[in-house]
Amino acid sequence: MCGIVGYVGKKNAAPFLLEGLSALEYRGYDSAGMYVSGAGALKRAGKVAELIACVPDDFEGKSGIAHTRWATHGAPTELNAHPHTDASKTVWLVHNGIIENHSEIRKDLEAKGVVFASQTDSEALAQLIGHLYTEDMLLEDAVRAALAQVQGTYGVAVASTREPEKVVVARMGSPLMLGVGEDGIYVASDATPILPYTRKAVYLDDGEMAIITDQGYVITDADEAHVDKPVTSLEWSAEAAQKKGYEHFMLKEIMEVGEVIENTLRGRLDTANATAILGGFQDTDIHGYLKHAKRIIITGCGSAYYAGLIGKTMIEELAGIPVEVEIASELRYRRPTADPKDTVLIAVSQSGETADTLEAIRAAKRQGILTLGIVNVVGSTVARETDAGVYNHAGPEIGVASTKAFISQVLVFALVALHLARERGLSKQEGSDFIKELETLPEKARAILTRTKAIEAVAKKYAHTRDFLYLGRKFQCPIAFEGALKLKEISYIHAEGYGAGEMKHGPLALIDTDFPSLVLAPRDSMYEKTASNIEEIRARSGKVIALTTDGNDDITRLADDVLYVPETHEALLPVLTTIPLQLFAYYIAKERDCPIDKPRNLAKSVTVE
Ligand code: AGP
């Protein structure tokens, strides 16, 4: 996600702003920029180093704001980089979060003659503040009036040429904090940029605004009442701050899953029509293709491929469309057999740069097949080379092992399945019921995150196992594959995922007291069959860890250890059952003292074949 820094004080703001942006690079971004009072604004697509290289020596001022952008709306270009300004170039703004009603704000202002410069949702907020900021108004009042019209999330820092020694910041759903220094007040979206200057921190809460001047700061709440916030002492090292105090990025990213589910679903649930709104699919041609598609081919690599396997079962079960899922490194070399008239390819890729997935897309395009992307990195090659697609909005994923991005990919498939199903006979009531379950997922995911101690205890019991078998059926079969991948890639334990029904066809020969199985056995349509698989393993002295749904006490007589997740719609259970498997792999790798964020031999994005 994006990064924000700001400063008001006795020193030149520019050096802190640039050092602060460098400190925020770990969060992942694609452009950067800053505004300094009295000096103006500078923005660059690409790395912070490119911004630093273009800053003149005399670029000075006692206050300023700066930003690293992780593109969500609009390509990663200099024009779309922050800060954004209004038509009169009076108000300057940097923003984290998503302004959901930015289109309506833009349309309303354009109707009043306001000319926009970029494609971003953030500029709509800058223009709205500028539009409301009359000569007799204070900046904070104009910001407050504009935010009252905004739907969505924001961490925002605003400056004005009219009130040069002032920065106004406000928070709703995207973190912001102040650093109280000897020579001024620092602003940042996390502690990392502040630590070299002060350890005195003030955290803003949702609905709060801070008005920062060279006299200090004042904080008000949603009712404009002054609030006295405690000044806390920052104990973290800079590295710990990047991970928000977690030991590894992987754990931080697993713990973000509630927010990631919210961001993936944000603005995409059409409750009135009981369907999903997928902006990238709304184009009439795309929509027409999808409506009449007789065959969908899903492709990807690794976890993205496994997400595609779940997407297959979701789309077939809800929409009744035949779906095949192909490993991209295989599909790209196969003889084309699909009829372009009624086939759609969906490519899944977190990075959007995986070489095999790109080549599979290109092969499909050569056959005239419509290609859609499910991608996390905005403006990545997959995003640019597919005909349309859906962004995950999962935020940057730093750990090599895919966790939050995988869950977001599965969720996007649930939205695609709902969208297609409602056009092919799924009733409005069924659509509404599905949406209601989707809306419970953030809370249910957060409930699982309160169970880490139980998961860690089981992980420690098995941390020195040589082999592992992961088993599941139907929606849980790909989760068995994904869970095995997580374990093998960060702990180096050999782990295999299998359809539980396959046990008698070979894998049962592996079972003995030293070969444990992790069985995905939620109370779903496959439970009875899967429970019998557990019994056949136990009959051969195999140890079993069962992952099931809350309230299923029956399984305690069957398994050696049990992990629980809340119940939900069978098609959505993979979103929840994945989380304990990610934590299980994490705690085992931690017990084995593995380099969890950067496993041996692996890269975060496999851009070579
Ligand atoms: C998953 O944990 C792995 N890091 C890997 O399998 C990954 O999913 C695969 O390389 C695909 O990457 P992509 O989603 O960026 O295309």
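Could you list all residues from the range 176-187 that are more than 19 Å from A126 (Cα to Cα) and either open to solvent by 40 Å² or more (accessible area, probe 1.4 Å) or in contact (Cβ under 8 Å) with a residue 60 or more places away in the chain (or both)?
Kept after step one, since they are more than 19 Å from A126 (Cα to Cα), are these residues of the range 176-187: 177-186.
Answer for the range 176-187, where residues must be more than 19 Å from A126 (Cα to Cα) and either open to solvent by 40 Å² or more (accessible area, probe 1.4 Å) or in contact (Cβ under 8 Å) with a residue 60 or more places away in the chain (or both): G181, E182, D183, G184, I185, Y186.
Given the structure, is A71 touching a residue at least 40 places away in the same chain (Cβ under 8 Å), touching a Leu at 6+ places or on another chain (Cβ under 6 Å) and either open to solvent by 30 Å² or more (accessible area, probe 1.4 Å) or closer than 25 Å to L128 by Cα (or both)?
Working: touching a residue at least 40 places away in the same chain (Cβ under 8 Å): yes; touching a Leu at 6+ places or on another chain (Cβ under 6 Å): no; either open to solvent by 30 Å² or more (accessible area, probe 1.4 Å) or closer than 25 Å to L128 by Cα (or both): yes.
No.
Identify, please: which residue in the range 229-281 is of a type in the set (S, T, N, Q) and touching a Phe, Trp or Tyr at 6+ places or on another chain (Cβ under 8 Å) and is, among those, modelled with the highest pLDDT?
As a first pass, look at the range 229-281 and keep what is of a type in the set (S, T, N, Q): 232-233, 237, 242, 263-264, 271, 273, 275.
Next, from what is left, pick out any that are touching a Phe, Trp or Tyr at 6+ places or on another chain (Cβ under 8 Å): 232, 242.
Details: T232: 86, Q242: 77.
Restricting to residues being of a type in the set (S, T, N, Q) and touching a Phe, Trp or Tyr at 6+ places or on another chain (Cβ under 8 Å), the top hit is T232.
Give me the residue from the range 78-95 that is closer than 13 Å to H131 by Cα and not in a loop (DSSP other than H, G, I, E, B) and, out of that set, least open to solvent (accessible area, probe 1.4 Å).
So the first thing to find is which residues in the range 78-95 are closer than 13 Å to H131 by Cα, and the list is 85-92.
So of that shortlist, the ones also not in a loop (DSSP other than H, G, I, E, B) come out as 85, 91-92.
Numbers: T85: 23, V91: 0, W92: 31 Å².
Per the stated criteria, the residue is V91.
Listed here are the residues, each with its yes/no results for (1) more than 30 Å from E135 (Cα to Cα); (2) basic (K, R); (3) more than 29 Å from the chain's Cα centre (by Cα).
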{"residue": "R162", "(1), (2), (3)": "no, yes, yes"}
{"residue": "A191", "(1), (2), (3)": "yes, no, no"}
{"residue": "I194", "(1), (2), (3)": "yes, no, no"}
{"residue": "Y197", "(1), (2), (3)": "yes, no, yes"}
{"residue": "K200", "(1), (2), (3)": "yes, yes, yes"}
{"residue": "V218", "(1), (2), (3)": "no, no, yes"}
{"residue": "D221", "(1), (2), (3)": "no, no, no"}
{"residue": "E224", "(1), (2), (3)": "no, no, yes"}
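Inspect all residues belonging to the range 97-114 and state whether any of them is buried (at least 24 other Cβ atoms within 10 Å of the Cβ) and either at pLDDT 95 or above or assigned to a strand (DSSP E or B) (or both).
Yes, the conditions are met somewhere in the range 97-114.
Determine whether the range 309-322 contains at least one residue that is crowded, with 18+ Cβ neighbours inside 10 Å, within 14 Å of the ligand (Cβ to nearest atom) and among the polar types (S, T, N, Q). It would help to see each step written out before you state the result.
To start, the set of residues in the range 309-322 that are crowded, with 18+ Cβ neighbours inside 10 Å comprises 309-315, 318-319, 321.
The next check asks that each one be within 14 Å of the ligand (Cβ to nearest atom); those that pass are 309-311.
Okay, now just the ones that are also among the polar types (S, T, N, Q), so none.
No, the range 309-322 has no match at all.
Each row is one residue, and each column tells you yes or no for (1) of a type in the set (G, A, S); (2) open to solvent by 10 Å² or more (accessible area, probe 1.4 Å).
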site: G497; (1), (2): yes, yes
site: G501; (1), (2): yes, yes
site: G506; (1), (2): yes, yes
site: F515; (1), (2): no, yes
site: L518; (1), (2): no, no
site: S525; (1), (2): yes, yes
site: T530; (1), (2): no, no
site: E536; (1), (2): no, yes
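Name the residues in the range 276-335 that are among the charged types (D, E, K, R) and either out of contact with any strand residue (DSSP E or B) (no Cβ under 6 Å at 6 or more places or on another chain) or within 27 Å of E439 (Cα to Cα) (or both), would you? Break it down stepwise before answering.
The first filter runs over the range 276-335 and keeps only residues among the charged types (D, E, K, R), leaving 283, 285, 291, 294-295, 312, 316-317, 324, 326, 330, 332, 334-335.
Within the range 276-335, D283, D285, K291, K294, K312, E316, E317, E330, R332, R334, R335 qualify.
Within the set of pairs 6 or more residues apart or between chains, which connect a residue that is closer than 17 Å to I448 by Cα inside the range 538-553 to a residue that is crowded, with 17+ Cβ neighbours inside 10 Å and of a type in the set (F, W, Y) with Cβ atoms less than 7 Å apart?
Partner pairs satisfying both residue conditions: T548/Y564; T549/Y564; D550/Y564.
Out of all the residues in the range 387-402, which are out of contact with any helix residue (DSSP H, G or I) (no Cβ under 6 Å at 6 or more places or on another chain) and within 21 Å of V608 (Cβ to Cβ)?
V400
Scan the range 1-26 residue by residue and report those that are aliphatic (A, V, I, L, M), open to solvent by 10 Å² or more (accessible area, probe 1.4 Å) and closer than 22 Å to E259 by Cα.
Kept after step one, since they are aliphatic (A, V, I, L, M), are these residues of the range 1-26: 1, 4-5, 8, 13-14, 17-18, 21, 23-24.
Cutting the leftovers down to open to solvent by 10 Å² or more (accessible area, probe 1.4 Å) gives us 1, 18, 23.
Matches in the range 1-26: M1 only.
Which fully enclosed strands (runs of 3 or more DSSP E) of the range 323-404 have 1 or more residues being away from the ligand (no atom under 16 Å from the Cβ) and open to solvent by 10 Å² or more (accessible area, probe 1.4 Å)? Let's see the steps before the verdict.
Working: elements: 323-327, 343-349, 370-375, 388-391.
So the answer is 323-327, 370-375, 388-391.
Filter the range 581-609 down to the residues that are closer than 21 Å to L449 by Cα and within 16 Å of the ligand (Cβ to nearest atom) and list them by number.
Let us first name the residues in the range 581-609 that are closer than 21 Å to L449 by Cα, namely 581-591, 596-597.
Listed by number, the residues that qualify are L581, Q582, L583, F584, A585, Y586, I588, A589, I596, D597.
Counting only residues that are open to solvent by less than 10 Å² (accessible area, probe 1.4 Å) and not in a loop (DSSP other than H, G, I, E, B), how many does the range 569-609 have?
Adding up the residues that qualify gives 18.
Which pairs have Cβ atoms under 8 Å, sit 6 or more apart or on different chains, and link a residue in the range 295-306 that is near the ligand (Cβ under 6 Å from one of its atoms) to one that is among the charged types (D, E, K, R)?
C301/D356; S303/E482
Could you check, for the range 263-282, whether at least one of its residues is surrounded by 14 or more Cβ atoms within 10 Å (Cβ to Cβ), closer than 15 Å to V390 by Cβ and within 16 Å of the ligand (Cβ to nearest atom)?
Among the residues of the range 263-282, at least one is surrounded by 14 or more Cβ atoms within 10 Å (Cβ to Cβ), closer than 15 Å to V390 by Cβ and within 16 Å of the ligand (Cβ to nearest atom), which makes the answer yes.
Of (1) under 26 Å from the mean Cα position of the chain (by Cα); (2) at pLDDT below 95; (3) not β-branched (V, I, T), D554 satisfies all except one. Which?
(1)
Tell me, which strands (runs of 3 or more DSSP E) wholly within the range 195-243 include 3 or more residues that are in contact with a Lys or Arg (Cβ under 8 Å, 6 or more places away or on another chain) and buried (at least 17 other Cβ atoms within 10 Å of the Cβ)? Give the derivation first.
Values: elements: 200-203, 209-213, 216-220.
Result: 209-213.
Looking at V378, V390, which one is under 23 Å from I254 (Cα atoms) and in contact with a Pro (Cβ under 7 Å, 6 or more places away or on another chain)?
Selected residue: V378, the only one of V378, V390 that is under 23 Å from I254 (Cα atoms) and in contact with a Pro (Cβ under 7 Å, 6 or more places away or on another chain).
Return the residues of the range 115-136 that are assigned to a helix (DSSP H, G or I) and among the hydrophobic types (A, V, I, L, M, F, W, C); say none if nothing qualifies.
Within the range 115-136, A124, L125, A126, L128, I129, L132 meet the criteria.
In the range 261-302, which residues are among the aliphatic types (A, V, I, L, M), touching a helix residue (DSSP H, G or I) at 6+ places or on another chain (Cβ under 7 Å) and not in a helix (DSSP H, G or I)? If you could, list the steps in order and put the result at the bottom.
Initially, the range 261-302 is screened for residues among the aliphatic types (A, V, I, L, M), giving 261, 265, 269, 272, 274, 276-278, 286, 290, 293, 296-298.
Checking the rest, the ones that are also touching a helix residue (DSSP H, G or I) at 6+ places or on another chain (Cβ under 7 Å) come to 261, 265, 269, 274, 276, 278, 290, 296, 298.
Of everything in the range 261-302, those that are among the aliphatic types (A, V, I, L, M), touching a helix residue (DSSP H, G or I) at 6+ places or on another chain (Cβ under 7 Å) and not in a helix (DSSP H, G or I) turn out to be L269, A274, A276, L278, I296, I298.
The values are calculated or read from the model by the stated rules, or taken from the named source; none is laboratory data. Given the structure is predicted, the values throughout are model-derived calculations rather than measurements. Ideal geometry is used to build each Cβ from the backbone, glycine not excepted, and the neighbour counts take in all protein chains shown. Surface accessibility is based on the protein's heavy atoms, side chains included, excluding ligands, DNA and RNA. Shrake-Rupley method; radii C 1.70, N 1.55, O 1.52, S 1.80 Å.
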